[in-house]
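Computed from the coordinates by the stated procedures, all read-outs in this text should not be read as laboratory data. The structure presented is a predicted model; accordingly, all values stated were derived computationally and were not measured. Using ideal geometry, Cβ is built from the backbone for each residue, glycine included, and neighbour counts are taken over all protein chains shown.
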Amino acid sequence: MVRHLILPLMMMLSAPALAQPPLQAVPQLDLARYAGVWHEIARLPMYFERKCARDITATYTPREDGTVTVRNACVKADGETMVSEGVARKTDDNPAKLQVRFAPGWLSALPFVWADYWVIAVDEDYRWAIVGEPGREYLWILSREPALDAKTFEDLKGRARMMGYDLAELIVVSPPL
């Protein structure tokens, strides 16, 4: 009888060790430097991007009210360009912790139309970035150029793994050079 209790007790005691620490956004982000066009290099599956085949970009434009216009574009397999426009807002004192909304503005009071968009790593020269969200369900590896060199790409994947991301389903949009 005691043997049957030991294994569950050991599992309960080790559970906190298996838990991941909370995901952290970069401590500082210069939104003016982050603004502009970013090319998607790789991502974890995202429902809204299921039809995107290539040339995936995100363009960020700061607004006077402190929000950011977000314009996502991609080319589908049939060659048609798909575009969606939204807005991002800061959630606290850290500009790297944003929330994005692609739903109509009149729905902006509803919390479920906003999604976390955290910059969790960024190059000091803003040449590449890793974006995620606290639940580690979504991840994007972005670059100012349409492709990254193989070493940088492998380094960024390693960073994402160290932050607790499972990259088994990573979709590589732009193979490394």
| query | Ranked by Cβ crowding within 10 angstrom, fewest neighbours first, how are Val172, Val119, Val83, Val75 ordered? | reply | Val83, Val172, Val75, Val119
| remark: Taking Cα atoms, the helix 2-18 axis meets the longest principal axis of the chain at an angle in degrees (rounded to 10) of 30
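Can you give the relative contact order of the range 98-177 as a percent, counting alpha carbon pairs under 8 Å and 6+ residues apart?
Here the relative contact order equals 19 percent.
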| request: Measure out, as a whole number of angstrom, how far apart the alpha-carbon centroids of the range 119-177 and the range 27-53 sit. | output: 10
| Relative contact order (%) - criterion: Cα under 8 Å, at least six apart; region: the range 29-129 | 18
| message | Just want to confirm a number: the relative contact order over the chain, from Cα pairs under 8 angstrom separated by 6+ residues, in percent. | response | 24
| Which Rg and Dmax, in Å, describe the Cα atoms of the chain? | 18.7, 68
| With Cα atoms, 0 to 90° folded angle of helix 150-162 axis to the chain main axis | 50
| remark: Residues whose built amide H sits under 5 Å from the amide H of Tyr138, excluding neighbours closer than 5 in sequence, are Glu133
| For the chain, size of Cβ-based charge dipole, Lys and Arg +1, Asp and Glu -1, in debye | 400
| If we count other beta carbons within 10 Å of each Cβ, what is the order of Phe48, Phe153, Phe112, Phe102, fewest first? | Phe112, Phe48, Phe102, Phe153
